[in-house]
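The values are calculated or read from the model by the stated rules, or taken from the named source; none is laboratory data. Please read all numbers here as calculations on a predicted model, not as lab measurements. FYI the Cβ positions are ideal-geometry reconstructions off the backbone, even for glycines, and counts take in every protein chain you see. In case anyone asks, the SASA skips ligands and DNA or RNA and just uses the protein heavy atoms, side chains included. Shrake-Rupley method; radii C 1.70, N 1.55, O 1.52, S 1.80 Å.
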Protein chains: 2
Amino acid sequence: MATAPKITVRPARREDVAAIVALLADDGLGAGREVVSDPPAPAYLEAFDRIAANPRALLAVAEDAEGRAVGTLQLSFIAGLSNQGAELALVSAVRIASSLRGQGLGEILMQWAMDEARARGCRQMELLSHASRTDAHRFYERLGFVSSHIGMKRAL
Amino acid sequence: MATAPKITVRPARREDVAAIVALLADDGLGAGREVVSDPPAPAYLEAFDRIAANPRALLAVAEDAEGRAVGTLQLSFIAGLSNQGAELALVSAVRIASSLRGQGLGEILMQWAMDEARARGCRQMELLSHASRTDAHRFYERLGFVSSHIGMKRAL
């Protein structure tokens, strides 16, 4: 097995958007939902600008030593009354480049996300993972997540 | 069966916080997590202030004709790159007063939430519902939600 690349996790910049979209599409479920191009379609850049303008959203990118984006996730920090007013962090759009899965990069990325959420005072992290992603469920359970809930979605 | 009360759904105000916390606690799972008091504990008021200051969060209350809070939910509007930059709405902390369940109030509240999310340009709504809440799952499925995901949580 090749040595896993050393990665650095950091907030995404606008020039990362094309690479992040490519990662989102590098996935069985994501492939049909995204439009991969460089430069990216305007809708992606507009969405990036909304994320960047929101102090309660954080789009992260993991880059290897050559500066290639090899992973991404998004955090949303949510204030609520529940749980005595505890803040929570919602994680979404987690991806590691398909050629690099199973080498521990996802754990580095998620640990970064948990540290970031703790630093912002969040007491809980949650996510929805498609029922078909059984490898992902095992991955998250190793990281301490509990499959206690059903994740439900509806188009509007 | 008593006639279901006519309800009005509106954004919550600070003076609704005690009643909303009581609704959150009026539930098998929520009872052990909340501290019910009037005036509410400072942590709840501080959380309310964070929600009120966030243009991407909306705490709703359903009140009956006498102005009593009989339902609540929270919406969080989340920008993301996924799905070609589609905005999504996360629904959480949905409650109807236990004495009034099964009379259609939850549907009025959720339809209000979906309308609000559509008006803000959201193309998808999602939620996590505890695996034990099978009545709630059927309720959401009747409203068009699909139980396509696992909802995972982790304390931080």
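What is the diffusion coefficient of the protein assembly as shown in µm²/s, taking the Kirkwood radius over Cα pairs and the Stokes-Einstein relation at 25 °C with a viscosity of 0.890 mPa s?
Reported coefficient: 121 µm²/s.
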Could you go through the stretch B:23-33 in sequence order and give the Karplus-derived ³J(HN,Hα) for each residue, using 6.51 cos²θ - 1.76 cosθ + 1.60 with θ = phi - 60°, rounded to whole Hz, and x for Gly and Pro?
5, 4, 7, 7, 5, x, 7, x, 4, x, 9
Vicinal HN-Hα couplings computed from phi for the stretch A:129-140 (Karplus, 6.51 cos²θ - 1.76 cosθ + 1.60; Hz; Gly/Pro x)
10, 4, 4, 6, 8, 5, 5, 5, 4, 5, 4, 5
So for B:Lys6, A:Lys153, what's the accessible-area order with a 1.4 Å probe, most first?
B:Lys6, A:Lys153
Cα centroid distance between the stretch B:67-118 and the stretch B:1-56, in Å?
14
Per residue of A:101-113, count partner chain C-beta atoms within 10 Å of its C-beta, then hand back the mean as an integer.
0
Teacher prompt: B:Ala65 distances to equivalent labels in other copies, 7 Å Cα→Cβ, nm
7.5
Please check: in the Gaussian network model of chain B (C-alpha springs, under 10 Å), which one of B:Leu81, B:Leu73, B:Leu45 has the largest mean-square fluctuation.
B:Leu81
By the C-alpha gyration tensor axes a ≥ b ≥ c (rounded if a/c is under 1.5, else prolate when a/b exceeds b/c, else oblate), the shape of the stretch A:88-156 is oblate
Within 10 Å of the Cβ of an average residue in B:44-57, the count of other chain Cβ atoms is 4
Which single residue of chain A puts its beta carbon nearest to the axis of rotation relating A to B, and what distance, in whole Å, does that give?
A:Gly151, 2
Counting partner chain Cβ atoms within 10 Å of every residue's Cβ in A:141-150, what's the average?
6
Gyration tensor on Cα atoms of the stretch B:1-127, a ≥ b ≥ c root eigenvalues, a/c under 1.5 rounded, else prolate if a/b beats b/c, else oblate, says oblate
State, to one decimal in nm and shortest first, how far the label point of B:Ala25 sits from each corresponding label point in the other identical copies (label point: 7 angstrom along Cα-to-Cβ).
5.2
Using the Karplus curve 6.51 cos²θ - 1.76 cosθ + 1.60 with θ = phi - 60°, work out ³J(HN,Hα) for each residue of the stretch A:81-97 in order, rounded to whole Hz, and write x for Gly and Pro.
7, 4, 6, 6, x, 6, 7, 10, 10, 9, 9, 8, 6, 8, 9, 10, 3
Helix-only [θ] at 222 nm, the protein assembly as shown, -39500 (n - 2.57) per DSSP H run of 4+, per residue, nearest 500, equals -9000 deg cm²/dmol
Hey, for A:Ser98 with labels 7 Å out along Cα-Cβ, what do the inter-copy distances come to in nm, ordered shortest first?
5.0
